[in-house]
Amino acid sequence: MAEVRMPKLGESVTEGTLGKWLKNVGDAVSKYEPLVEVVTDKVTAEIPSDEEGILIEIAVAEGETVRVGTVLAYIEQSRPASEQQPVLVESNQQHKAIEPLTTKQRYSPAVRYLAQKHAVDLQTLSGTGFAGRITRKDVLASLQTVNEQKETDKPLLPPTEEKHDIQTIAITPIRKTIATRMTESARDVPHAWMMVEADVTKLVKVRERNKKSFKEREGIDLTYFPFFMKVVVDALKEYPMLNSTWTNDGILVHQGIHLSVAVATEDALVVPVIHHADRLSISGLAHALSAIATRAKTGKLTLDDVSGGTFTINNTGAFGSVLSKPILNPPQAGILSIESIIKRPVVLADDAIAIRSMVNLCISIDHRVLDGLITGRFMKLIKGKLEAFDVTMDV
Amino acid sequence: MKGEINVLSKHHQLGLTDDQVIAMYEKMLEARLIDERLWLLNRAGKLPFVVSCQGQEGAQIGAAFAMDPTIDYAAPYYRDLGTILAFGQTPKDIMLHMYARAEDPNSGGRQMPGHYGSKKHHLMSISSPVSTQIPHAVGMALAAKMRKETFVTYVSFGEGSSNQGDFHEGCNFAGVHKLPVIFFCENNQYAISVPLAKQVACEHIADRALGYGFPGVVVDGNDVLEVYRVTKEAVDRARRGDGPTLIEALTYRLTPHSSDDDDRAYRSKEEVDEAKAKDAMIVFKDYLVKQGLLDESKEKTIRDRLMQAINEATDYAQTAQDPPPESTLDYVYAN
Amino acid sequence: MAVKLFIDAIRDALFHAMREDEQVFVLGEDVGVRGGVFRVTQGLIEEFGEQRVMDTPLAESGIVGVAIGAAAMGFKPVAEIQFVDFILPAVNQIISEAAKMRYRSNNDWTCPLVIRAPFGGGVHGALYHSQSLEALFYHVPGLKIVIPSTAADAKGLLLAAIRDPDPVLFFEHKGMYRLIRDEVPDGEHIVPIGKATLRKTGDDITVITYGLMVHYALEVATKLEQEGIHAHILDLRTIAPLDREAIIEAARHTGKVLIVHEDNKTGGVGAEIAAMIAEEALFDLDAPIMRLAGPDVPAMPYNAGMEKFYMLNPQKIEDAMRNLARF
């Protein structure tokens, strides 16, 4: 059986449209007898049969457009097939691979140049190129490793030459990143700031009552921070606009609440993320916080640990602060600082004066996303929840 | 003599005034005198190269005066000094060109002598490969037809060039599209050293016009007024929209091919002397004298005036500024 | 914006240019009533008439020479040479006349001419319907040579060529006419002459190429991504003048350069590019500059196996790219 294929009717033609079939299925066809009309951009032509036999199948209907080489019909030949197709001789001369004359010691101009510039001893490198050749990429990779090594080898405050009374401290990469991000945030995001104070006397009592048993049961300290986190997460659920991101195409309101938590280490501030903080209880939050703080302080944070935060909560109270004005952590729209809990005399609702445990909560917001009204309600909700702890609750 | 029938002189029959024929003679003489000066400067070691118009001035001026340089265009060839002058270039322009000075209006010192061309004079730029200008002229004539303008384009070339493919391609194209172009062959009998008999097998170059479907005319190139007449007819035909004409003006190159050539190697002194006796300069001067339009004193006045201009032009060009060498890099592209 | 075939984008540019400017006209063999043997000029004669879409006698030197004359008078002729293989009778007009007109007349006469010609093989065109002749002309200052690789570029570069005040050779790979289609901006769309463009970025090897080979190289690059080989692909778009800055920058980017062209290797455009890189980027080179090009035989044979042997294809390009990456 022979195939009749769409011929290439012109040097630039890639397809053709079938006109009228001049033969029907079952018709006898002699060699060179027209079979079908084909219309292309360049010509209209009748396609002759290349075979003598019977047209047994029409594969493409009139009016259809098909690519060059598509089978149009099948012909049952009256002559045996073997004597027909010439064999296309494939060249046995393969495209020769370029065989570079190279050993490890043969260096390209780029490799020599980089080695000289950065004082790299090429003998110490292993090559990934052909036959072990050291490539430009190999040298560049080694430079990166050396740089990273140098970073970790550096003393925390590198010794610097004293110039009069000024001491220059070298900028570490992490310091540089913080500097860049904070500068961008302060410059690009219109910050608005608000503070509320809350009476957390009941919360102090809850924690006092639970801390011993918690430590025994859970193996970690029960701090105030998980309580604040829980309250903030609950408030964020009610005010999702605080859990969002400004973009020029629209405000992205995040479905999940991923809480960034500022953790101070000796030389820097890192902000790891507790993902899906809304799914955790106070004790769950306490564990997550403990785990992430340990990883931060031991330098074992993963990329996942530091990405994806939607709102930041900052425990400035740990430093004894009572008032702070945080800078937003882009692309988030809100950052909340929990200041120190301090006892002070407070005028109560019935004008009596009492000693209460008070805390200041400071929030900075992206004013493009949020206004004072929503933020005020959000803060009022937090204040209310903090003041309404049931002193009998078990954590 | 009084009482005789006043037969109209030839130039009057052609519609040329007395002043016009004197102007024609003056242009021929200007070309001849400049050309002679160029040879002197070459032999004096001042100019490295000269390619000459001598012997062809009559044909050139006869043809050029049949056109209107204010509207018509010419795509001449390197021997067409007479045509160049008739289209408005001055001895100073020519000398600046010969000395390859910055002020040369033809190429700013870039091209070798004889390679004229300036847009403001309606003269197409000339190159050295022969016949390339023929399709250009056809394209210029096509521009006239497409814009429905009445200018005609004149293109000249030697009989040697008529053997090039571009001659054929240009003539054929112009014939098909009936374009307003005058193909003007200055048959000076030699392609450098190769005589006409070794160049073509037909009797006349003009015979070839038959194959292109337009008229071909042979004219004595030493008969200035006859050249004027046939060219004027061709110009009128072209302006009417009747298409091209091929004119073959029979001339003789009185000098070697160029200052680097020695023609004694391929032709006899007798042959050259015979041609010099028929020089259009002599024939036309005789005609003007016979017509009472010119005498020795008037001729001397004209000649002195021309020589003064040529002297001044030579002096000016000799001391004119060269183009800055680094301007070699300019004008490869528009910017 | 619509997706158009390469050939339709070229026609689009001609329609646009001729509607915008009455000085633009098309001339060549079979360009009028027949609409060109490849149909590039189809439909033009119906809109613009037989004077602005002129069927000429079969004489290439005449076509170009007449176009030079018309260009000198302020027209903007777009001459079609039916196949680049047949441009050779017109070479005297192109090199002695068009390329030198501005220079020899000291900026007095100019030649704002476009010569379009299909080139390239792999279409059973044999010796005289398959050639790539860009190298013949790229040696000649005064000429510009453009070889587009996308439909959008074909339109934008042809319009730029028509507006250009100097002679431009516009070579169209005939295999791309009905193979390549992409988004082509409607109406006015100019792609500047002399600017190459990066078709893909990568940091392992740099491939510098043009025309149909851009598509082959991109196809291979996509495949090699999966092996971790990232190619940086520069589409020259203009052969003369070459975008020196883009070439050097692309070469520096990886230090490993493969130049690919269908035209034969010796004295090809690739030789000039290699020399340029060697002159200006030696200390960034991490491998020999490599060239993959057609073989140095006079032209492409007709026999299918021989043609396949001659032509570059994605497989040959893949081998070359992988070899260079491994170096």
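Excluding same-chain neighbours fewer than eight residues apart, the lysines reachable from A:K23 by a Cα-Cα span under 28 Å are A:K8, A:K31, A:K42.
Taking other C-beta atoms within 10 angstrom as a stand-in for reagent exposure, A:Y113, B:Y116, B:Y78 fall in the order A:Y113, B:Y78, B:Y116, fewest first.
Among B:302-313, B:278-289, the peptide with the highest mean count of other Cβ atoms within 10 Å heads the list, and the full ranking is B:278-289, B:302-313.
Of all DSSP-defined beta bridges confined to chain B, some 15% are antiparallel rather than parallel. Shielding of peptide B:140-151 by partners, expressed as the average count of other chain Cβ atoms within 10 Å per residue Cβ, is 4.
For the residue pairs B:K92/C:K76; B:K148/C:K144; A:K215/A:K343, the alpha carbons lie more than 27 Å apart in B:K92/C:K76; B:K148/C:K144. Starting from the Cα gyration tensor of segment B:177-302, take the square roots of the eigenvalues, sort them a ≥ b ≥ c, and report rounded, prolate or oblate (rounded when a/c is under 1.5, otherwise prolate if a/b is larger than b/c, else oblate). Oblate, since a/c reaches 1.5 and b/c is not below a/b.
Peptide packing: for B:201-213, C:226-238, A:339-351, the average count of neighbouring Cβ atoms within 10 Å per residue gives the ranking C:226-238, B:201-213, A:339-351, highest mean first. Give me the net charge of B:A313's neighbourhood, meaning all other residues with Cβ under 14 Å from the Cβ of B:A313; Lys, Arg count +1, Asp, Glu -1. Once all neighbours under 14 Å are counted, the net charge is -3. Over the protein assembly as shown, dividing the summed -39,500 (n - 2.57) contributions of all DSSP H runs of at least 4 residues by the number of residues returns a 222 nm mean residue ellipticity of -11000 deg cm²/dmol. Remark: the Cα gyration tensor places segment C:197-326 in the oblate category, a/c being 1.5 or greater and a/b not exceeding b/c. Over 30 Å apart at the Cα level, from the set C:K4/C:K100; C:K195/C:K316; A:K137/A:K297; B:K46/B:K232, are C:K4/C:K100; A:K137/A:K297; B:K46/B:K232. Only beta bridges with both residues in chain C are counted; by DSSP, about 20 percent of them are antiparallel.
I want the local charge near C:M73. Using Cβ-Cβ distances under 13 Å, sum +1 for each Lys or Arg and -1 for each Asp or Glu among the other residues. Within the 13 Å Cβ shell, the charges total +2.
Restricting to bridges with both residues inside the protein assembly as shown, how much of the DSSP beta-bridge set is antiparallel, in percent to the nearest 5? Here the antiparallel bridges make up roughly 50 percent for the protein assembly as shown. Shown in residue order for segment A:139-146 are the 3J(HN,Hα) couplings computed by the Karplus curve 6.51 cos²θ - 1.76 cosθ + 1.60 at θ = phi - 60°: 5, 4, 5, 5, 5, 5, 4, 4 Hz (x for Gly and Pro). C:D166 sits among other residues whose Cβ lies under 12 Å from its own Cβ, and their net charge, with Lys and Arg +1 and Asp and Glu -1, is +4. Packing, as the average of other Cβ atoms within 10 Å across residues, places the peptides B:256-264, A:375-383, B:220-228 in the order B:220-228, A:375-383, B:256-264, highest first. Remark: the protein assembly as shown carries a charge dipole of roughly 3740 debye about the Cα centre, counting +1 on each Lys and Arg Cβ and -1 on each Asp and Glu Cβ.
Counting Cβ atoms of other protein chains within 10 Å of each Cβ in C:175-185 and taking the mean gives 2. For A:K212, the aspartates and glutamates whose Cα falls under 20 Å of its own Cα, not counting residues fewer than eight places away in the same chain, are A:D221, A:D390, A:D394. For a straight C-alpha distance cut-off of 19 angstrom, the aspartates and glutamates reachable from B:K290 (same-chain residues fewer than eight places away being disregarded) are B:E4, B:D18, B:D19, B:E26, B:D223, B:E226, B:D279, B:E299.
Peptide C:106-119 has a mean of 4 when you count, residue by residue, the C-beta atoms of other protein chains within 10 Å of its C-beta.
The numbers here are math on the coordinates, done by the rules we state, and not lab data. Note that the structure is predicted; figures quoted are calculated from it, not measured. Cβ sites come from the backbone with ideal geometry, for glycine too, and all protein chains shown count toward neighbours.
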